[in-house]
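Some notes on the structure that comes next.
Each value in this text was obtained by applying a stated rule to the coordinates, not by laboratory testing. Here the structure is a predicted model, which is why all the values come from computation and not from measurement. Positions of Cβ are generated from backbone atoms using ideal geometry, with glycine treated the same way; all protein chains shown enter the neighbour counts.
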Amino acid sequence: MTYSPPGRGTNPLVYILAACGGCVILVVIGIFGLGLFVTHKFAGAINQMAVISQFGEALRQQNYEKAASFLTGSAQQQYSANTLRQKIERLEKEYGALESFTLDPQQFYGQNQNPSQAPNTYQLSDYLCDLQFQRALVHIKLHFDPSDPRHISGLTWGSVYRNASETSPSEGAKKHTP
């Protein structure tokens with residue numbers, strides 16, 4: 001069987017447009033695939049950030065039942081809504097009202113990540129957070145089980161730093177253990 005070239009009446013522009021159209025389709029498929037890849041890789045971290053934000057907002061608004069709902073069953077046994085209420089009220093009594101709940105930027109330098117524990121290197125298992133009270137800053141570590149990025153599996157209360165205004169001018173912010 002022999003191949004016969006197309007008839008002379010076909011415009012070469014048709015072939016050029018067909019080739020360009022094929023390239024455009026390949027680019028669209030590639031972008032879609034890259035989007036799926038990125039979504040899969042970062043889904044756990046995105047879920048964790050949302051949970052941390054909602055947990056912090058619930059604490060700030062004194063909605064301890066909602067805050068406890070972001071904990072896994074074992075963490076809820078240790079920190080029930082009532083236990084969270086008592087802890088925050090004790091801290092507020094000593095250091096003033098809770099003003100903010102933020103992620104501690106130090107964690108993004110890789111200090112708290114154990115690569116052997118997390119199957120997804122883009123998803124941390126521990127997040128350091130700061131609870132800013134009127135007269136002190138309290139650190140808290142939120143632990144996530146990598147298999148469940150939608151629930152906090154553990155809380156560790158950390159150091160308390162009194163504000164510089166609560167110490168002598170020569171001391172600055174000072175670590176304080178309650």
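Neighbour counts of other Cβ atoms within 10 Å put 20, 129 in the fewest-to-most order 20, 129. Between residue 46 and residue 2, the FRET efficiency estimated from the beta carbon spacing at R0 = 41 angstrom works out to 0.10.
Taking amide H atoms as placed 1.01 Å from N in the peptide plane, the amide H of residue 158 lies under 5 Å from those of 139, 140, 141, each 5 or more residues away in sequence or on another chain.
Between residue 36 and residue 63, take the C-beta separation as r, use R0 = 35 Å, and let me know the FRET efficiency to the nearest 0.05. Once rounded, the FRET efficiency stands at 0.45. For the pair residue 104 and residue 27, a Förster radius of 30 Å applied to the C-beta separation gives a FRET efficiency near 0.15, rounded to the nearest 0.05. Which of the aspartates and glutamates could a cross-linker span from residue 141 if the Cα-Cα distance has to be under 19 Å and same-chain partners fewer than 8 positions apart are dropped? In chain and number order, the partners are 57, 89, 92, 99, 104, 126, 130.
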